[in-house]
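Below you'll find the structure, written out as structure tokens, and then a few comments.
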Amino acid sequence: MLISAPASGQGKTTVTAALAYHYRQQGLSVRVFKTGPDFIDPQILAYACGQAVYQLDLWMMGEAHCRDLLYQAAGAADLILIEGVMGLFDGNSSSADLAQAFNVPVAVVIDAQGMAQTFAAVAFGLANYRPALPFAGVIANKVASPGHAKMLQDALPEAMSLLVAMASDESVGLPSRHLGLWQADEIGDLDTRLARAAQLLNEYRPCRLPEPVAFAAIASNSPPPLLAGKRIAVARDAAFSFIYQANLDCLQAMGAELQFFSPLTENALPDADSVYLPGGYPELHLQALTENQAMQQALRQHHQAGKAIYAECGGFLYLLESLADKAGHQAKMAGLLPGSARMQSRLANLGLHSLQLEHGEIRGHSFHFSVLETALQPIAISLPQGSYGHAEGFFCAGSLQASYLHLYFPFNPRLAASFF
């Protein structure tokens, strides 16, 4: 089931996580996917289902790769849930596009607070905007009472199912900040919230699932062993956690051994051939990062030895000379790249990008609030997919390669291997 909505803020993540938690508690094996390039929602969803969450995006990943991921999941799980992105038809690679490509039944979450018959009008519009859409039914969120649930059900067309009437309870809401929800590890009572949310699914009536669907097998090739014998140190902590599980899988499939470390708390790098600094929230941990001079020195020594470093977004900011938060507090960073960045209150760039390098094209996305100032000239410029974003520079300094882009390695494993 693909869980979408008329817009962001309707409760898709809470509902998807609640469903995953509920059916997992019932003894089912649940796999969850997230539509589009997102790192934070998948952390919540992974906690709820107990398994790694992968992305699905027709443009960034390609239809064949998405189909293979779904087929593999269907072979191992009793239930697949796919959380949509924004509204059902939003974007050039929308949730509706994904549902139609793979014939996945769609359930739309509608915040029913303060609504009665208009709830049915919104549902009817979403179900019929595209005649070929495989529409399974509606999930009513923030339902006030059993009477409210019946009112919503009675207003729907006879052929349209009310799959879930989720009772309202503000305590299950998930806290958020500038880049989205808090990370799963930051929500101390996440298990309590999810357990309560799972109860709310069945408060007024039993929740229902659509009929099963089948996924066809697809021929898939393993990437070449280009990283056999290579050990990659991967930063992973509260400051650096925005990383596709598929990227890690891709590196391991090419033969790499991954060693995880924390730039926040550890004072030395693992014994490694190369370093991977993913995105995250370095701006929230300026003091800890700047005080850990031992780690910064270890990175400088690694670089001076000519060993590879690849950094994305937050990892890129960490390698600059300084970084300032939204309040203007500035801290010294590792200084492997000339320049500085400062956070601002409004979004600086958002969107999907294509990047051409020596080994061909790779795709990914950009999403950041910081503004960069550097004299370093990029070796390549990305091509935004939409008209609303702007190009991002891709920088190189010796064995170091970095940019704001979050790239999807399985799109071009050979190119990804060249980073390491």
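Data table
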| read-out | value |
| --- | --- |
| Qualifying position, being in a strand (DSSP E or B) and buried (at least 21 other Cβ atoms within 10 Å of the Cβ), among V109, V104 | V109 |
| Scan of segment 387-398 for residues that are surrounded by fewer than 17 Cβ atoms within 10 Å (Cβ to Cβ) and either in a strand (DSSP E or B) or not hydrophobic (A, V, I, L, M, F, W, C) (or both), ordered by number | S387, Y388, H390, C396, A397, G398 |
| Residues of segment 209-245 satisfying the condition of being more than 22 Å from A416 (Cα to Cα) and exposed (fewer than 13 other Cβ atoms within 10 Å of the Cβ) | E211, P212, A214, A216, A217 |
| Subset tally (residues that are touching a residue at least 40 places away in the same chain (Cβ under 8 Å) and among the polar types (S, T, N, Q)) for segment 25-79 | 5 |
| Boolean, Q301 is over 30 Å from L415 (Cα atoms) and free of Cβ contacts under 8 Å to residues at least 12 places away in the same chain | no |
| Matching residues, segment 304-348, being farther than 18 Å from S241 by Cα, touching a Gly at 6+ places or on another chain (Cβ under 7 Å) and buried (at least 19 other Cβ atoms within 10 Å of the Cβ) | L320 |
| Out of G279, G255, sole residue that is touching a helix residue (DSSP H, G or I) at 6+ places or on another chain (Cβ under 6 Å) and in the same structural domain as A402 (by TED's automatic domain parsing) | G279 |
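Here is a yes/no grid of residues against (1) out of contact with any helix residue (DSSP H, G or I) (no Cβ under 9 Å at 6 or more places or on another chain); (2) part of a helix (DSSP H, G or I); (3) closer than 15 Å to V104 by Cα:
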| residue | (1), (2), (3) |
| --- | --- |
| Q43 | no, yes, no |
| A46 | no, yes, no |
| A52 | no, no, no |
| M60 | no, yes, no |
| A64 | yes, yes, no |
| R67 | no, yes, yes |
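The values are calculated or read from the model by the stated rules, or taken from the named source; none is laboratory data. This structure is a prediction, so every number in the text was calculated from the model and none was measured. Note that each Cβ is placed from the backbone with ideal geometry, even for glycine, and that neighbours are counted across all protein chains shown.
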